[in-house]
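Chemist: This is the structure I want to talk about, given as structure tokens.
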Amino acid sequence: MLDYDPFSDEAMRDPRAIYEQLRLRDGPYFVEKYNAWALVHFEDIWQVSTKHEQDITFTAGQPLTNVLLGEPVPHCFVSMDLSEHRKWRNVIHADYKKSTVEQDRERITTLAREILAPLQERGSFDFYREYVNPVLAINAGHNLGLSRENSIEWRRLIDETMHREPGQIGTSSQRNQAAGMELFGQLHGYVQSLRADTEKAGGHVAKYMAAEVDGKRMEDQDLVNLMVVFLTVGSGTTPNTCAAAVYHLAKHPEQKAQVLADLSLVPKLFFEAARVDQPTNILCRRAINDFDLRGTPIKAGQNLMMVYASANRDEAEFEHAAEFDIHRSYKRDLTFGVGGHMCLGMHLATMTGTILLEEFFKISGDYQVDFANCTRAYGEFLSGFDHLPLTIAK
Ligand code: HEM
């Protein structure tokens, strides 16, 4: 008998084996303690996102700590329902169109080379900690109009708020709370400095400070929330995917040789890494109407855990789903979600991830991963590597 709890030590360490067990059952799994259905099959998540958007609310938040534990929900478009959501998302929607993102290719390539150069000199380094993570943190900050120093420091504090001790449920630890206080203090100070001199604001922050939607303007707390959300999503997932790409490739020498010989395979590699090692482990919603989900009656008020990391390994959707195969083709894609809340940053993530991997492979030769010292992030929210030591060949 499976007793699945997303906050259990086993699930927070690495939930993939548990998901495999859960997928053997038909339909979703009910976690009584949290009044929550775990949607572990591709089709269930697809149907909720495409057919039942009117039956669910995002206002309870998306992270498990909000929806399942009732922790305060930051007021931001990611936790709004569709009509209001669309208007606030639209303030920066154009910045994330494929053609707009492409304009940043050169800047991001230059940044990647700059961070990589001293690492190349050393020969051995942590691919996640020292390369991809800092590049994405700096880039997420750049898009908000932040300095490098602030981007890196605030990203570090966000990581501290997301740190989980074994068995910890929610963001209640002293370490989380202290980091949260420090982060919010600094961000409020920053917003006040911008209010005093609006010329200093840049990127998304400047756009949101100037925006008026339905006669409403953003308050200081809204701007602080926006920065936390964008520093988190903008830098918390793409590096994991790049790390997964390099790791899985090292485990598959034939595919590794193909990629090193032909860098046009890198986008396929990036997508396969995101499929097999989906970084957005679980995002939640809450039902507001009763509805039928492929024979399972969902009741208004029940929580829905969209277990993307499981859906992407569902055998009913992907042949030999657990196998890593960069040449795989498939019809439907859930890596970036689907529906009105589909990932805003998907083109940015794809382009940046591809650049970071290409630049690495240009200098890596037949690199060797120190498998014994790779670690995965511990927690209920994001999933993937957070340490990936390796040695390049030249
Ligand atoms: C490999 C990297 C990434 C993956 C796998 C990923 C995946 C996802 C997923 C699954 C969702 C939820 C979609 C849904 O609810 O249907 C999401 C939402 C979102 N993502 Fe990403 N993401 C990635 C990178 C990024 C980046 C670089 C940004 C940069 C800004 C970003 C910004 C967002 C935002 C703002 C949302 C919320 C959208 C909304 O609620 O309207 N993501 N992402």
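The values are calculated or read from the model by the stated rules, or taken from the named source; none is laboratory data. Bear in mind that the values here come from a model prediction, so they are computed numbers and not experimental data. Quick reminder, even Gly has a Cβ in these numbers, built from the backbone with ideal geometry, and neighbours come from all protein chains shown. Note: areas computed on protein heavy atoms with side chains; ligands, DNA, RNA excluded. Shrake-Rupley method; radii C 1.70, N 1.55, O 1.52, S 1.80 Å.
Chemist: Given the DSSP H assignment, sum -39500 (n - 2.57) over each helix run of at least 4 residues in the chain and divide by its residue total; what's the result at 222 nm in deg cm²/dmol, nearest 500?
Modeler: Mean residue ellipticity, 222 nm, calculated: -15000 deg cm²/dmol.
Chemist: Same structure, new question: Mind putting a number on the dipole of segment 9-391 about its Cα centre? Charges go on the C-beta only, +1 for Lys and Arg and -1 for Asp and Glu, and I need it in Debye to the nearest 20.
Modeler: 440 debye
Chemist: Hey, another quick one. Just how far, in whole angstrom, is segment 33-60 from segment 244-290 if you go by their alpha carbon centroids?
Modeler: Between the Cα centres of segment 244-290 and segment 33-60 lies a distance of 23 Å.
Chemist: Give the residue from PRO279, ALA244, LEU223 lying farthest towards the positive end of the charge dipole for segment 215-359; charges sit on Cβ (+1 for Lys and Arg, -1 for Asp and Glu) and the dipole is referred to the Cα centre.
Modeler: LEU223
Chemist: If you take the Cα Rg of segment 96-188 and divide it by 2.2 N^0.38 Å, with N the number of residues, what do you get?
Modeler: Taking N as the residue count of segment 96-188, the ratio is 1.31.
Chemist: If contacts are Cα pairs under 8 angstrom and at least 6 residues apart, what is the relative contact order of segment 9-391 in percent?
Modeler: Answer for segment 9-391 is 28 percent.
Chemist: Here is a further query. When the chain is fully extended, how far beyond the present Cα-Cα distance does HIS75 get from GLU182, taking 0.36 nm per residue of separation?
Modeler: Stretched fully, the HIS75-GLU182 segment lengthens by 36.6 nm.
Chemist: Ok, one more. Divide, for the chain, the radius of gyration over alpha carbons by 2.2 N^0.38 Å, where N is the residue count.
Modeler: 0.97
Chemist: How much of the accessible area of segment 1-150, probe 1.4 Å, is carbon plus sulfur, in whole percent?
Modeler: 49 percent
Chemist: Between LYS98 and SER329, with labels modelled 7 Å along Cα→Cβ, what's the label distance in nm to one decimal, could you check?
Modeler: 1.7 nm
Chemist: Mind listing the phi-derived Karplus ³J(HN,Hα) values for segment 196-204, rounded to whole Hz, using 6.51, -1.76 and 1.60 with θ = phi - 60°, and x for any glycine or proline?
Modeler: 6, 8, 4, 4, 6, 6, x, x, 4
Chemist: While we're on this one: In terms of modelled amide H atoms, which long-range or inter-chain residues lie less than 5 Å from the amide H of LEU283?
Modeler: Those lying under 5 Å, H to H, from LEU283 are MET306, TYR308.
Chemist: Can you order the peptides 37-48, 79-90, 192-203, 307-318 by their average number of other Cβ atoms within 10 Å per residue, highest first?
Modeler: So the order, starting with the most tightly packed, is 37-48, 307-318, 79-90, 192-203.
Chemist: Looking at segment 9-391, how many pairs of lysines come closer than 16 Å at the Cα, when each pair is eight or more places apart or spans two chains?
Modeler: 8
Chemist: Give me, ordered by chain and number, the residues 5 or more places off ASP370 or on other chains with an amide H under 5 Å from its own placed amide H.
Modeler: Amide H neighbours of ASP370: LEU390, THR391.
Chemist: Right, something else. Tell me, what HN-Hα J-couplings in whole Hz come from the Karplus equation 6.51 cos²θ - 1.76 cosθ + 1.60 at θ = phi - 60° for each residue of segment 339-347, using x for Gly and Pro?
Modeler: Going residue by residue, I get x, x, 9, 3, 3, 5, x, 5, 6 Hz, with x marking Gly and Pro.
Chemist: Looking only at Cα atoms, what is the convex hull volume of segment 1-102 per residue, in Å³?
Modeler: 156 Å³
Chemist: Enter the accessible area per residue of the chain (Å², integer; probe 1.4 Å; all protein chains in place).
Modeler: With the other protein chains kept in place, the chain gives 43 Å² per residue.
Chemist: Shifting gears a bit: Let me check I've understood the local charge: for LEU183, count other residues with C-beta under 11 angstrom from its C-beta, Lys and Arg +1, Asp and Glu -1. What total comes out?
Modeler: Cβ neighbours under 11 Å give a net charge of -2.
Chemist: From the convex hull of the Cα coordinates of segment 258-394, what is the mean projected area in square nanometres?
Modeler: The directionally averaged projection comes out at 10.3 nm².
Chemist: Ok, one more. How much net charge surrounds ARG86 when only the other residues with a Cβ under 13 Å from the Cβ of ARG86 are counted, with Lys and Arg +1 and Asp and Glu -1?
Modeler: That works out to -2.
Chemist: Could you give me the ³J(HN,Hα) list for segment 98-105, computed from phi with Karplus coefficients 6.51, -1.76, 1.60 and θ = phi - 60°, whole Hz, x at Gly and Pro?
Modeler: Values, residue by residue: 4, 5, 6, 4, 4, 5, 9, 4 Hz.
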